[in-house]
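Read the structure below first, then the notes.
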Amino acid sequence: MRAFNGAAGQYHAFCILVVDGSMKRAFTQFWRGGYSALPGYRFSLLFTVFWTGFFIILPLCALIIRPWQDGVGPVVAELHDARMFAALWTSFSTAAVAAFLNIPLGLFLAWMLVRGDLPGRHIANALIDIPLALPTAVSGITLATLYSPQGWLGYPLSKLGISVAYTRSGIVLALMFVGLPFMVRTVEPVLKNLPQELEEAAKLLGARPRQIITRVIIAPLRPALLTGFGLAFARGVGEYGSVIFIAGNQPFKSEIAPLLIVVRLQEFDYPGATAIALILLLASLSVLVCLGVLRRRISAWSVGA
Amino acid sequence: MMRRGLWVAAWALIILVLIMPLAVVLAEALKNGFGPALETLKDPDGIAALWLTVEVTTIAVIANTLFGIAAAWLLTKYRFPGRTSLLVLVELPLSISPVVSGLVWLLLFGAQGWWGPALEEAGIHIAFAIPGIILATVFVTLPYVVRTLVPLMEQQGRDTEEAAALAGAGFWQILWRVTLPGARIALVSGILLTTARAMGEFGAVSVVSGHIPGLTETMPLHIESLYNGYQTVAAFTMAALLACMALATVLLRYAPAFLWRSREVPK
Amino acid sequence: MSVHVENLTRYAPASQRKLLDDITLTFPTGAFVALVGPSGAGKTTLLRAIAGLDQCEEGTLTLNGNSLKTLQDRAGKIGFVFQNYALFPHMTVARNISFGLDVLPRGKRPSPTEIANRVKELLELMQIPALAEAYPARLSGGQRQRVALARALATGPTLLLLDEPFGALDPIVRRTIRTWLRTLHDQLGLTTILVTHDQEEALEVADRIVVMQNGRVVQDASPTDLDEKPQTSFVMEFLGEAVTFKGQVKNGYFVPDEAHVASFPTHISEGRADAMIRPFEIMLQDEGEAAVPLATHGKSNGYRHYSATLAGRAVPVFVPETSGGAHIKTGCAHLNIQNARIFRNGTRAN
C-alpha cells in the first residue's frame, strides 16, 4: 500500500513537472514569438491583440452577455416568438436555396472563364466582381426595380404568371446575385490548378465526355464547390441591404432575420434584438462548422486543401 | 457548334445577371435626361452624405491598413501558440450579418448600452453619431487587408526578412524596404477592397447611424431615404455615383498587375 | 571570428522533442567546417542558432568570446547564405548587395560612391560584373548563389554561414563554385561553417567535418580521420558505400556468419559484432575458384566493379585495375575482409 502510494506520488510529481515545463515553454514561445529572432514580434503582437480585442472580442462579449443581462426572461420570450422562427427560417431557407442554385451557375461561369476560351474572357472576369463591388443598397433598389411588375425583367415574368418582387423568390434572386462571385471565385483557382492532362488521360482511357465532366472535372472540385456554397450561404443568411427592398418584408412570409433585428431595435427591445442576433450568429457559425467538417471528409485525398 | 452555344449561354447569363442591374441604375437615373439627374446632386443633404462617406471610408481604410499590415506580419512571420485562433478571429466579421455588426456597437455605446449613458454624460456621442458609423465600418472591413496579405506573405516565407535582419536592418527598415515592396500588389488589392466595402456598407451603418439627414447619413443611407421617399431619379443618380466609385475602386485592382508584371517574374 | 557553442538544446515547437540535443562545439578563427548529416539531423537548426535567427532554450553561444544576445548586435558581423538564397525580388542585384550598407544609421553609412565602389568590387570578386542592374528573377542558379554570397559579404563579416549552398545547382556549376568558395575563404581569412547533406562535397571542401544525427554530434574530425576512424556504424555508412558482415568474435578472431568469408584476427572481447568494410577494401582470395561467383559491373576511377554472390545476397567488390590486368575475374574461394572496422551496438569496437 505504502509502495503504491509512493509510486502514485512520484507519478503525480512527474505529471506536474511535465505540465509545468511544457506550459512554461508554451508561454515563453508565446511571449517570444516561437523563438524567432526577427524584430517586431511584441510590437505587432500587442497591436494585433489590442485591435482584435477592441474590435472583435469586446463586441462579441457584448453580443453573448447582453441577452442574459435582464434575466433569462427576454431570451425565453424570444424563443417562444413564432415571428422570429419564421424570420430565421426565411433567412436560412432562402440562403440555402440561393447558394444551391448558384452551384451550377458558378461552375459553368468558372469553367467558361478558365477552360472555355470565352471571347472577351478578361472583361467577363472583371464583370464577375460586380455583385461584390456594388454597394448593397444600390443592388437592393436596382433589383427591386428590375424585378418589379413594371421592371425590365419583372414585366415579362409577370406575363408568365411568375411574381418575383415582394415574395420569397425575390429574396432568393437577390441572394443569388450577391452570392454568385463567391462561387466563381472559389472554384476558379482550383479549376486553374487542375492539370489539363487529367482530361486527356481520361479521354485516352476511354471515358465519354459526360463521364469526363462528372468524374474527372467535378469530382475534384467538390471541396471547392462546398466552400463556395458555404461562403455564399453565410453571406446570404446575414444579407440585409440587397434584400429588404425586394422582399416586401411581410412578417411570417418574407421577413428576413436581420430585418427583424432592426424592427426590434426600433421598438427599443434591445434584449430581443440581441437574442435574435445571437441565435443568427450561432446558427450560421454551426452551419459553417458542419460544412467545414463535411469538406474535410470529402477532400481526404488532398493534403493541402 | 456546341462551343458557340456555350459562349452565347455564358454571355447571356453575364448580361442578364450582372450587366442588367448596372443598366437599370443608369436608365433610372437618366430617366428624365442628364439635367434633372445632375440637378439632384446639388441637394445639400446629398453633398453632406458624399463627404461623410469619404471621411468614414478614409478613416476606416487607414486604420485597417495599419492593423492589416501588423496582423499579417505577426501571423506569417512567427509561429506561436494561439496563432490559429487569431486567424479565425480576424476573419470572423466576414460571417457576421451587417446588421449584427452594427448592433454590437449599440450594445456597447447605445443609450441602453454598457458605457453609452456614461459617455453620453461626459458629452461623448458614439451611437447615432459619426464615431459609431466609423466603428461599425472598421468592424465590417477589418478582415480584408489581412486576408489578402496573409496568403502571399505566408508563401514568401521569412528568409528574405531574416537576411535583411542579419544585414543589420531593424523592424521598420525590414517592413518598409523588404516586406511591403514584396507584397505591394496584394497590399494595394486589400486596400482597394477595404475601400469599396467601406463606402458601400449599409446594414451595419444603418443600425448605428440614426438616419439624421445631412448629419449622420452616408451615401447608401441617403439612397435608401430617397428611394423610400419616392425620389427615384435622385436615389438612382446617387446610386450611380456610388456604384461608379465602388466599381472603379475594385477594377483598379487589376491595374498594378499590368504595371508591375514585367518585373516580378515568379520563381 | 571564433564560435563557441556549449550545451545548446532546442525543442520543437509545442513538444518535448529535441531539435538540438546538448551540443558543444568550438570553431576556431579561420576554420572551414562542414556540418553534415541526413535531413532532420539538426544541421540547419544549429546553423540558424549560430546566426542568431532562432534562440535556444538552453545553452550558451559565444562569438569571439562575447555572447551577442540580439540579432542587432550580430548584424553585419555574420554573413548568411540561405538555402534558396532569399534575394530581395524587387531590388536589382546591386541594391541587393548594398542592402547591408544602405540600412546603416546615417552616421555610420558610407557615402553613395563608397557603396557603389564596394558593390563593384564584390561583383568583380564574384565574377559577375555585368549583372549589377539585373533583377534576381532573371538570374541562373549559379548567379543567384554568387549574388547571395556577395550580399552576405558586403558588410565585411568574418564569419560566413552557408545553408546547403550547392543544393539547387547542377553538378558542373556545383564543382566550380565549390573550389572557388574554398579560395574565397582562404583569400578573405573567413571562418566558414557550411551545412550540406552531401558527404563527398564536405570531404572535398572542409578542413573539419561535424557529423550530426538526431540533433546530436556523432563525430567531429578531419576528413582523413573521419574516413579512417568512423566512430559509429552510422558515420561509416554515411560517408560512403559500406558492406556489413555479421559475425562472432571467438579466440581472438572475427568469424563471419556467412560461408566463404575469411575470418581475421582481432583483439576485441568475445561476442556478437558487425564488421563493416568499403567495397574497395575487400580482397579476393584464391581467384579462379568458383565458390564465390563474380559478375562484372563495369569500372570507374581505376577500379573494376564486381558483385560477389554469397548465399543470400550479392556483395559489391571493387578491385584495382592492374596495369596489365586485361583478364576479367569470374570467381574466388573466399572474400578477405581483414581491413574491416568492427562495430558493436553501433559504436566502434576495434
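If the segment from C:Glu124 to C:His4 were pulled out straight at 0.36 nm per residue, it would be longer than the present Cα-Cα gap by 39.9 nm. All Cα-Cα separations within chain B were binned at 5 Å from zero, giving a P(r) of 1, 6, 10, 12, 14, 14, 12, 11, 9, 6, 3, 1, 0, 0, 0, each value a whole percent of the pairs. The mean number of partner chain beta-carbon atoms within 10 angstrom of a residue's beta-carbon across peptide C:239-246 is 0.
Binning the alpha carbon pair distances of the range C:189-231 at 10 angstrom intervals from zero yields the distribution 26, 59, 14, 0, expressed in whole percent. Spin-label model, C:Ala291 to B:Met2: label points 7 Å out along the Cα-to-beta-carbon direction sit 7.4 nm apart. Axis angle, to the nearest 10 degrees, between helix A:82-114 and the longest C-alpha principal axis of chain A: 80 degrees.
Between A:Gly120, A:Gly151, A:Gly292, the Gaussian network model of chain A with springs among Cα atoms under 10 angstrom shows the greatest mean-square fluctuation at A:Gly120. When B:His222, C:His334 are compared by accessible area of protein heavy atoms, the largest-first order is C:His334, B:His222, using a 1.4 Å probe.
For the protein assembly as shown, go through all pairs of different Cα atoms, get the mean of 1/r, take its inverse, and jot down that Kirkwood value in Å.
Every distinct Cα pair counted, the radius reaches 33.2 Å.
Once the Cβ-Cβ distance of C:Arg106 and C:Leu68 is raised to the sixth power relative to R0 = 25 Å, the FRET efficiency obtained is 0.60. Mean per-residue shielding of peptide B:83-90 is 3, counting Cβ atoms of other chains within 10 Å of each Cβ. When nucleic acids and ligands are ignored and a 1.4 Å probe is applied, A:Ile162 ends up with an accessible area of around 80 Å². Which whole-number percent gives the relative contact order of chain A, counting Cα pairs below 8 Å spaced six or more residues apart? Reported relative contact order: 26 percent. Here, chain C is characterised by an Rg to Rh ratio of 1.08, where Rg is the alpha-carbon radius of gyration and Rh the Kirkwood radius. Taking the C-alpha atoms only, the angle from helix A:270-298 to the longest principal axis of chain A is near 90 degrees.
If the chain between B:Thr232 and B:Ala27 were fully stretched, how many nm would it gain, using 0.36 nm times the residue separation less the Cα-Cα distance?
Difference between extended and current length: 72.7 nm.
Rounded to the nearest 10 degrees, the angle from helix A:219-238 to the longest Cα principal axis of chain A is 90 degrees.
The helix-based estimate of mean residue ellipticity at 222 nm for chain C, built from -39,500 (n - 2.57) per DSSP H run of four or more residues and divided by its residue count, is -7500 deg cm²/dmol to the nearest 500.
To the nearest 0.05, how large is the calculated FRET efficiency for A:Val289 and C:Glu237 if R₀ is 51 Å and r is the Cβ-Cβ distance?
Once rounded, the FRET efficiency stands at 0.55.
Projected onto its three principal axes, the C-alpha set of the range C:243-348 covers 43, 27, 22 Å, listed from the longest axis down.
Comparing mean-square fluctuations of A:Ala77, A:Ala37, A:Ala144 from a GNM of chain A with C-alpha springs under 10 Å, the top value falls on A:Ala37. Taking every protein chain into account, the 1.4 Å probe leaves C:Glu57 with about 50 Å² of accessible area, to the nearest ten. Using the Kirkwood radius over Cα pairs, work out the Stokes-Einstein diffusion coefficient for the range C:1-75 at 20 °C and 1.002 mPa s, in µm²/s as a whole number. My calculation gives 167 µm²/s for D.
At 1.4 Å probe size, put C:Ile193, B:Ile134 in order of accessible surface, largest to smallest.
B:Ile134, C:Ile193
Here the simple spin-label model places points 7 Å from the Cα toward Cβ, and for B:Arg184 and A:Lys159 these points are separated by 5.5 nm. Computed per residue of chain B from DSSP H runs no shorter than four, each worth -39500 (n - 2.57), the mean residue ellipticity at 222 nm is -22000 deg cm²/dmol. The overall shape of chain A is oblate: from the C-alpha gyration tensor, with semi-axes ordered a ≥ b ≥ c, the ratio a/c is 1.5 or greater and a/b is no larger than b/c. In summary, the lysines within cross-link reach of C:Lys18, defined as a Cα separation below 21 angstrom excluding same-chain residues under 8 places away, comprise A:Lys24, C:Lys43. For the residues B:Lys77, B:Lys42, B:Lys31, a GNM of chain B with alpha-carbon springs under 10 Å puts the largest fluctuation on B:Lys42.
Using the Cβ-Cβ distance between C:Thr244 and C:Asp207 with R0 = 35 Å, the FRET efficiency computed as 1/(1 + (r/R0)^6) comes to roughly 0.70.
The values are calculated or read from the model by the stated rules, or taken from the named source; none is laboratory data. The structure displayed is predicted, hence computed values, not measured ones. No Cβ is skipped: glycine too gets one built from the backbone with ideal geometry, and neighbour counts run over all protein chains shown. For accessibility, only protein heavy atoms count, side chains too; no ligands or nucleic acids. Shrake-Rupley method; radii C 1.70, N 1.55, O 1.52, S 1.80 Å.
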